[in-house]
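The values are calculated or read from the model by the stated rules, or taken from the named source; none is laboratory data. Only a predicted model underlies this, so the values are computations on that prediction, with no experimental measurement involved. Cβ: placed from backbone, ideal geometry, glycine included. Neighbour counts: every protein chain shown. These area figures cover heavy atoms from the full protein model, side chains too; ligands, DNA and RNA do not enter into them. Shrake-Rupley method; radii C 1.70, N 1.55, O 1.52, S 1.80 Å.
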Amino acid sequence: TLYMTKLDFDTYWVLKEEAPELKSFASNAKTFDARSWYDDATVDANGNEPGTKQNPYVINEAYELYNLAEIVNTGEDNFANKYIVLGKDIVINSGDSSKWSTSAPAYNFVPIGIDTATGFRGHFNDIGKIKEIKGLYINQGTSNFGGLFGSAINATIANIKVTDGYVQ
């Protein structure tokens, strides 16, 4: 009898006679959902809607931070009067940021709010503990809207420490 309780045989593995065999990732792998922090947020046990001070949206990963920028920058949601917190420190890029002016790291971040029409209007981490965003690299060329937040209108942004960053 073969006991392997942590392997997902429906998605990733095929049980062969000799041993489990990994299925092809091209056709069978599950993909992460960059929008789950937003789309899957639910009313909490006390009846508080998602995005409220009592039940804020929680961002835990760099790709979720990128998704926040996408949602704001496309005009889908400016998060007016909504609350977002960082659940943990986030690393976007690693390495020596002093060299990024001549050798860009892997990930370029597009600021949250790229003009006054798509500015962020919510509360970002003002109810959370101090969190660090490390390795923020932004190369926006001639845009006047650079930084973690390029445009924030009547917003609250607090308790964020950006380290090892580069903005051009």
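Remarks
- Accessible-area rank, largest first, for S36, S151: S36, S151, with all protein chains present and a 1.4 angstrom probe.
- Using the average count of surrounding beta-carbon atoms within 10 Å as a protection proxy, the listed peptides 87-100, 109-122 rank, highest first, as 109-122, 87-100.
- Scoring 157-166, 65-74, 127-136 by mean Cβ neighbours within 10 Å over their residues and listing the highest first yields 65-74, 127-136, 157-166.
- Extension reserve of the I153-I127 stretch, reckoned as 0.36 nm per residue once the Cα distance is removed: 7.5 nm
- Nitroxide proxy distance, nm - points 7 Å out along Cα→Cβ at T116 and T42: 4.2
- Extension gain, E61 back to S98 (0.36 nm per residue minus Cα-Cα distance, nm): 10.9 nm
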